[in-house]
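Each value in this text was obtained by applying a stated rule to the coordinates, not by laboratory testing. Just so we're clear, the structure is a prediction, and the values are computed from it rather than from any experiment. Cβ placement follows ideal geometry from the backbone for every residue including glycine, while neighbour counts extend to all protein chains displayed.
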Amino acid sequence: MQLVQIGRLRYALYDDNGKVLVITSYKKIAKNMARDYKKEYKNYQGTPAQRKRNDARKAARRKMEAKGKVRKGDGKDVDHKDGNPKNNSSKNLRVTSKAKNRSFKRTKTAGKA
């Protein structure tokens, strides 16, 4: 894909064959650009460190399911109070809504604890 400026605030997004996909502002294009999920997995999600963190998050979810605190499809997240997904002690886990668990700022100083 190629992004070409065609005006002061207008951009055109072309596919690999030269066909115009969309003409709009840059912000809208950035939101709607196709993601390369294979590349994301290869470069980030598939790394051994990220796989271990994901496995630990899944283990926390399974632990809370076994206790009967969450169910599949209930719209809840298992939250790690200290923000460390590898710390699956019972004191560190709590059930929260998806909206609440996914709304804190992602900065170094905005820790969850």
So Arg35 and Lys86, fully extended at 0.36 nm per residue minus their Cα-Cα distance, gain in nm 15.5 nm
Where trypsin sites (Lys or Arg not before Pro) fall in DSSP loop in the range 33-66, at most 12 other Cβ within 10 Å | Arg35
For Leu21, the residues 5 or more places away or on another chain with a placed amide H closer than 5 Å to its own amide H are Leu13, Tyr14, Asp15
Sorted by chain and number, the residues with a modelled amide H under 5 Å from that of Val95, at a separation of 5 or more or across chains, are Asp79
Rounded to whole Hz and in sequence order, give me ³J(HN,Hα) for the range 36-41 from the Karplus expression 6.51 cos²θ - 1.76 cosθ + 1.60, θ = phi - 60°, writing x for Gly and Pro.
-> 9, 5, 4, 5, 4, 5
Gln5 versus Arg102, label points 7 Å from Cα toward the beta carbon: distance in nm?
-> 3.4
Anything over 27 Å Cα to Cα? Flag those among Lys67/Lys100; Lys42/Lys91; Lys42/Lys86, in the order listed.
-> Lys42/Lys91
